[in-house]
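Engineer: Below is one structure. I have some questions about it.
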Amino acid sequence: MDWTLRLRLRHLQMLLSIAETGNLSQSAAALNTTQPALSKWLKDLEDDLQLQLFERHARGLRPTPYGEALIKHAFRIIGHLDSARDDMLALHNGGSGMVVIGTSGVSASDLVPLAIAKLLEKMPRAQVRVHEDTMNRLVPQLQHGEVDIIVGRAVISPIAEDFQVETLYRDPVDFVAGHAHPLAGRDSLDWEDVLAYPWIVWPEGTPTRSALNGALAAAKLSIPRYCVESNSSILNITLLQNSELLGTASHRVATRFQRMNLLRILPMPLGGDGVVSMYWRANNENRRAVALALDCLRASALMSAEAPH
């Protein structure tokens, strides 16, 4: 008999709990069962699969490559069920469905809000959730089904085969500062000028930080030793307005904030031409709210590109 026919949602929860704790006793307590029962279930599953899912180590259980593969599937299945639950709840409450959008800082201040406004114009009863984070954290959320779409600078590392990806626009990175900064009125700058002031930088591993690191490497320089590290656009803007910190930002976002008199783009381009993309799962396109959100992101990307700078 196919082992998948005997698998239940609780079994997936048991598998994920063991992976999280690495301890059968702790998982049994969390799942309100006994350690012998949980141990027997795991042994029966491994016998059905004829594969070892966990190895015993001094610090507890550790997934084997087979276990890691099954754990990834379990995350996806539970994530899809969570999406189905939220969709049904939204429809039951008179809405038009649910869409969860993950956005990095590069798109959180410009593209994604514009797209959500368009979505709500076309589907007023849609329920929208937004998760703002760095791309290296958003990708696992998409893999686990916690978000439906993620938008941000292109992911360098390999992505899952069932991900769909679409480039929305190309965008360089700028140095930015508050309006009162001593460098704000300069017509030209060089590395010596910007290195004379403290910086606020995006976390390591984010595309904007990678662009900065690349520019520094090309100039045979290194990042200043003392920096503020933040992945919050709002916090960064407030700091730039109230200090002599310098920062970096997507050109499109920086242009919008400059129009709003929130900051000033400095004449110190970092070079390069970053790509902002959206990622989603093909099977999510069947959900009306998700499909419309994708269309609104495309339209907003085009609208922003055509707006005067």
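Engineer: Over the Cα atoms of the chain, what radius of gyration and what Dmax do you get, in Å?
Structural biologist: When restricted to the Cα atoms of the chain, Rg and Dmax are 23.5, 74 Å.
Engineer: Next up: So what is the relative contact order of the chain, in percent, for Cα pairs below 8 Å that sit 6 or more residues apart?
Structural biologist: Working: 483 pairs, mean separation 65.7, N = 309.
Relative CO of the chain lands at 21 percent.
Engineer: Which one of I71, V194, S17 has its Cα pushed farthest toward the positive end of the charge dipole of the chain, where Lys and Arg give +1 and Asp and Glu give -1 at the Cβ?
Structural biologist: S17
Engineer: Please compute the length gained on full extension between A117 and L49, using 0.36 nm multiplied by the number of residues separating them and subtracting their Cα-Cα distance. Intermediate values should be presented prior to the final figure.
Structural biologist: Values: separation 68, 0.36 × 68 = 24.48 nm, distance 4.82 nm.
Result for the pair: 19.7 nm of gain on full extension.
Engineer: Once you place label points 7 Å from the Cα toward the Cβ at M303 and Y197, how far apart are they in nm?
Structural biologist: Going by the 7 Å Cα→Cβ label model, 3.3 nm.
Engineer: Need one number: nm distance between label points at V228 and A291, each 7 Å from Cα along Cα→Cβ, rounded to one decimal.
Structural biologist: Once both label points are built, they end up 4.6 nm from each other.
Engineer: Expressed in nm to one decimal, what extension gain is obtained for the pair H57 and L189 from 0.36 nm per residue of sequence separation less their Cα-Cα distance?
Structural biologist: Full-extension gain reported as 41.9 nm.
Engineer: Oh, and also: Round to a whole angstrom and tell me the spacing of the C-alpha centers of segment 8-38 and segment 204-260.
Structural biologist: Cα centroid of segment 8-38 versus Cα centroid of segment 204-260: 43 Å apart.
Engineer: So how compact is segment 146-257: Cα radius of gyration and Dmax in angstrom?
Structural biologist: Over segment 146-257's Cα set, Rg and Dmax evaluate to 15.6, 49 Å.
Engineer: Suppose every Lys and Arg Cβ carries +1 and every Asp and Glu Cβ carries -1, with no other charges. What dipole size does the chain come out with about its Cα centre, to the nearest 20 debye?
Structural biologist: Numbers: 30 positive and 33 negative charges, 107 e Å.
So the magnitude is around 520 debye.
Engineer: I'd like to compare 284-293, 169-178, 227-236: which one has the highest average count of other Cβ atoms within 10 Å, and what's the full order after that? Don't jump to the answer; show the numbers that get you there.
Structural biologist: Details: 284-293: 18.6, 169-178: 21.7, 227-236: 15.7.
Highest-to-lowest ranking by the protection proxy: 169-178, 284-293, 227-236.
Engineer: Express the relative contact order of segment 90-245 as a whole percentage, based on alpha carbon pairs under 8 Å and six or more residues apart in sequence.
Structural biologist: That works out to 23 percent.
Engineer: If the elastic network links every pair of Cα atoms under 10 Å, which of T255, T34, T208 fluctuates the most in the Gaussian network model of the chain?
Structural biologist: It is T34.
Engineer: Now for a separate question. Using only the Cα atoms of segment 7-68, build the gyration tensor, take square roots of its eigenvalues as a ≥ b ≥ c, and label the shape rounded, prolate or oblate: rounded if a/c is under 1.5, else prolate if a/b is larger than b/c, else oblate.
Structural biologist: Numbers: a/c = 1.56, a/b = 1.10, b/c = 1.42.
Oblate is the answer for segment 7-68, as a/c is 1.5 or above yet b/c matches or exceeds a/b.
Engineer: Select from S250, S222, S39 the residue whose mean-square fluctuation is largest in a Gaussian network model of the chain (Cα-Cα springs shorter than 10 Å).
Structural biologist: Most flexible of the set in this elastic network: S39.
Read-outs throughout are calculated quantities, based only on the coordinates presented, and are distinct from any laboratory measurement. Computed from a prediction, not measured in an experiment: that's the story for all the values here. Here the Cβ is made from the backbone with ideal geometry for all residues, glycine too, and neighbour counts use every protein chain on show.
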